[in-house]
Every structure is written in structure tokens, then in C-alpha cells.
1. Can you tell me the relative contact order of chain A? Whole percent, Cα pairs under 8 Å, sequence separation 6 or more.
2. Can you tell me the equivalent ellipsoid semi-axes for segment A:127-174? Use √(5λ) from the Cα gyration tensor, largest first, whole Å.
3. Where the eigenvalues come from the Cα gyration tensor of the protein assembly as shown, what are the semi-axes √(5λ) of the equivalent ellipsoid, largest first, in whole Å?
4. For segment A:117-254, what does the relative contact order come out to in percent, with C-alpha contacts under 8 Å and a separation of six or more?
5. Using the C-alpha atoms of segment A:11-50, what convex hull volume per residue, in cubic angstrom, is computed?
6. Any idea what Rg and Dmax come out to for segment A:99-243 if you just take the C-alpha atoms, in Å?
7. How many partner chain Cβ atoms sit within 10 Å of a residue's Cβ in peptide B:110-117, on average, as a whole number?
8. If you find the alpha carbon centre of segment B:61-89 and of segment A:208-237, how far apart are they in angstrom?
Amino acid sequence: MTVDPGTFSYVSGLVHAEAAIVLGTGKEYLVESRLLPLMREGGFGDIATFVMAARTRQDDGLRHKIVEALTTNETSFFRDREPFKAFADVVIPELTRLLPEWSPIRIWSAACSTGQEPFSLAMLVTDHPQLASGRPVEILATDINEKVLQKARGARFSQLEVNRGLPAPMLVRHFERVDTDWRVVSQVRDLVSFRPLNLAQPFDLPCMDVVFLRNVLIYFDAETKVSILRRMRRVMQPHGYLFLGGSETTLGLDDGFERVQIGSTSAYRPLGLGGQSTDALTSRSVLSRLGANQ
Amino acid sequence: MLAIVIDDSKAMRLILTRIMQGLSFDVLEAADGREAIERMEQGPLPDVALVDWNMPVMDGLEFVHAVRRHEGWRSVALMMVTTEGEKAQLVRALAAGANEYVVKPFTPDAIAEKLMLLGVGD
């Protein structure tokens with residue numbers, strides 16, 4: 001089965017319009033593999049007929065399903081390891097030093113897919129000796145796709161999923177067996193809250209200390225990348241850290257970030273604080289938490 | 001880098017050997033824990049052992065205990081690759097000295113990622 005040019009053109013146009021994601025020529029295989037299950041579920045004989053039904057129906061249920069199916073991305077626990085190591089070894093110690101004890105550390109996993117990324121962060125938070133005193137930590141996990149969020153909220157993972165990237169000692173410490181699956185224990189689960197969010201549209205969130213926006217920008221066109229990074233900067237604390245995927249950068253898209261090297265990975269920090277002391281940073285950060293004008 | 005694949009199933013040894021060779025490892029094979037010990041005594045010492053649990057003669061858990069008792073073999077990373085998927089079994093294996101644990105079925109990516117966690121290989 002192949003996807004004809006007309007069908008591909010409609011689907012790529014729809015996904016770009018709804019989620020600003022670019023599906024260029026050569027991605028026909030992706031459209032086919034992602035839409036086949038929906039086609040079968042709907043009882044359609046081929047993808048062209050299924051897509052035609054989505055085009056012509058009054059309600060946008062099928063169109064929404066198509067967008068969802070094409071925005072689900074590859075994920076695994078502790079994907080690429082190094083950003084998580086930087087988070088635990090450098091970022092958390094720095095934030096605990098910088099922020100008053102009562103101030104929550106806010107972390108955002110933007111485009112969290114089925115939950116492996118925010119739960120990886122939550123496990124590191126739970127295990128971190130510098131957070132053992134009970135400092136509040138809030139992890140917000142968002143995704144455009146309601147279906148993956150539903151799975152993420154369940155916090156249940158198959159054996160194949162926990163085999164991917166999750167150290168065995170952490171599996172033992174932070175998961176319980178539920179039938180043939182593994183479920184994240186409540187102590188870790190409760191650190192994470194999930195909500196739907198479309199990065200391509202304006203969003204309103206509290207200021208974040210850490211943002212994981214990994215392997216997301218690659219799917220967007222340049223104009224959308226620019227607007228996403230601009231919005232990211234607005235919801236980041238001045239001392240905040242933004243982690244992107246290994247092949248992603250803010251360079252040439254947003255000059256309001258500076259790149260910092262942490263071990264063998266890199267992160268991006270909002271610019272404009274050169275020469276300020278740690279005390280000044282702390283005061284500004286605390287003021288912003290209290291909602292004061294800066 | 002050198003790996004030893006220890007499994008009484010010839011088919012499973014073949015699968016794991018191919019995965020490890022694909023990751024640029026040289027690979028030794030053994031059909032049970034005793035044979036693996038003998039191969040390690042003869043040398044060279046592997047960097048990592050992929051160990052099934054249920055095997056005749058000497059099972060995987062006994063093998064892990066034996067390796068960890070041996071002063072000169074502490075550097076060998078031990079990864080269980082088994083159908084034993086209960087949490088209690090994971091706890092036993094880790095307590096005995098296994099460093100990682102993969103439950104069958106697995107994907108080649110899972111093995112590669114676990115090796116990275118162990119700091120073995122690329």
C-alpha cells in the first residue's frame with residue numbers, strides 16, 4: 001500500500017496547519033505507517049478513502065486523530081543520558097543553592113509523549129540527596145497528543161519499554177509489577193502533572209527553572225521554531241536551563257539564549273544577566289516567583 | 001571489547017552474538033555458567049557477560065555469585081538476559097552482583113542502551 005500524492009499533500013497540509021509540523025517529501029512512509037491503524041480501526045479499505053472521509057466530514061474528529069497519529073514521537077527512559085546527568089549533577093545542585101528552601105523547583109517536559117521523559121526526571125528528583133529535605137518540586141509534562149497523555153497518566157509501561165534505557169536498580173526502586181506491565185510508584189508518579197498543550201500556539205505557564213524540549217524543534221518549520229523559542233524564553237526563569245535534542249540549537253533562531261557546556265552535553269540559558277552576582281540572580285528569581293515586576 | 005554470551009539456547013546465543021558483533025564486540029559463547037567460568041579462567045577476560053538465568057549445570061545466578069567472589073574478575077560487567085521478569089528476581093540478581101538486567105523479549109536497541117549504561121562499548 002502506498003500513499004498517493006494528493007492524499008499525502010492533504011495530510012501534510014493538515015498537520016502543518018494544526019501543529020506546524022513539516023512532513024516533507026519522503027515522509028510518505030511515515031504517513032502510511034501511522035495512518036494504517038486508524039484506517040483499520042475505522043473500517044476503511046485504504047488510506048485514500050480514510051483520508052477523504054476525514055476531509056469531507058463535518059466534525060473534525062478524524063482530522064484530529066490524523067494530527068495526533070503523526071505527532072507521536074520516539075521516546076525512551078533517560079534518552080541520550082547526558083542531559084539527565086547534567087540535570088542531576090549540575091542543574092539541581094545549582095538550583096538548590098540559588099533558590100530559597102521554600103521555593104519550588106519547576107520543571108517542564110514539553111512534548112512528553114508517553115511519559116518516559118518526565119518520569120525519568122521525577123526518578124532523579126526522588127533519588128537526589130540535595131532534594132531529600134523535602135523541597136517542593138513540580139514537574140509539568142505536556143503534549144499535543146491526548147492519546148499519549150492518557151497513557152502517560154496511567155504510568156504503566158511494558159517490559160519492552162522498561163528494557164529501553166532504564167537502569168535496573170531504578171526499575172527496582174521506582175516501579176511495581178502490575179500484571180505483565182510495570183507501574184511507576186506513587187511517590188514518583190505524584191511529582192508529575194500532565195496536560196495537553198500545543199507548542200505551536202501561544203501558551204500561558206508559570207515560570208520554569210528547567211525546560212526539556214528535546215527532539216521537538218526538528219519537526220517544525222523555521223518560523224515556528226523561532227516563535228516557540230521566543231515563548232519558551234518568556235516562561236523561563238533568568239537562571240533557567242533549556243535542554244534541546246542533540247541535533248537542535250537556538251543558534252540562528254533566537255539570540256536571547258546563550259549556549260553553556262555541561263560535561264559532554266549543552267544547555268541554553270536566557271541571556272541578559274552578564275555581570276550580576278548570585279545574590280542579584282536570587283533576588284530577581286524570587287521576585288519573579290512572587291509575581292513582582294522586574 | 002570482548003563479550004561472553006552465556007545461554008543454553010543455541011538460537012539465543014546466535015541472536016545475542018550477532019547483536020554484540022554489530023556493536024563491534026568480539027564474542028565468546030558458553031552454554032552454561034560452568035563452561036563460561038572455564039573460558040574465563042583460560043582467558044582473556046571479557047569486558048561484559050550476557051547471562052541467561054535458567055541453564056543446566058550452573059545457572060546464571062550461581063555464575064554471578066561465582067564471578068563476584070573472584071578477586072580478579074571485579075571489572076567484568078554482568079548483564080542478566082532472561083525470561084525471569086518478576087521484581088523479586090531482579091532484586092536477587094542485583095543483590096548477587098549483576099549490574100544490569102534485560103527481560104526477554106528485547107530489542108537490539110535495549111541491549112545497546114544497557115551497555116551504554118554500564119559504560120561498556122561505544
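1. On the way: 432 pairs, mean separation 49.0, N = 294.
Relative contact order of chain A: 17 percent.
2. Numbers: eigenvalues 109, 74, 12 Å².
They are 23, 19, 8 Å, listed from largest to smallest.
3. 40, 31, 19
4. Relative contact order for segment A:117-254 comes out at 25 percent.
5. Cα convex hull per residue, to the nearest whole number: 71 Å³.
6. 15.7, 46
7. Details: counts 9, 1, 2, 10, 6, 0, 4, 8.
For peptide B:110-117, the averaged partner shielding equals 5.
8. When both Cα centres are located, 44 Å separates them.
Values quoted throughout were computed directly from the atomic coordinates according to the rules given, and no laboratory measurement underlies them. Not measured: the values here are computed from a predicted model. Methodologically, a virtual Cβ is constructed for each residue, glycine included, from the backbone with ideal geometry; neighbour enumeration extends over all protein chains shown.
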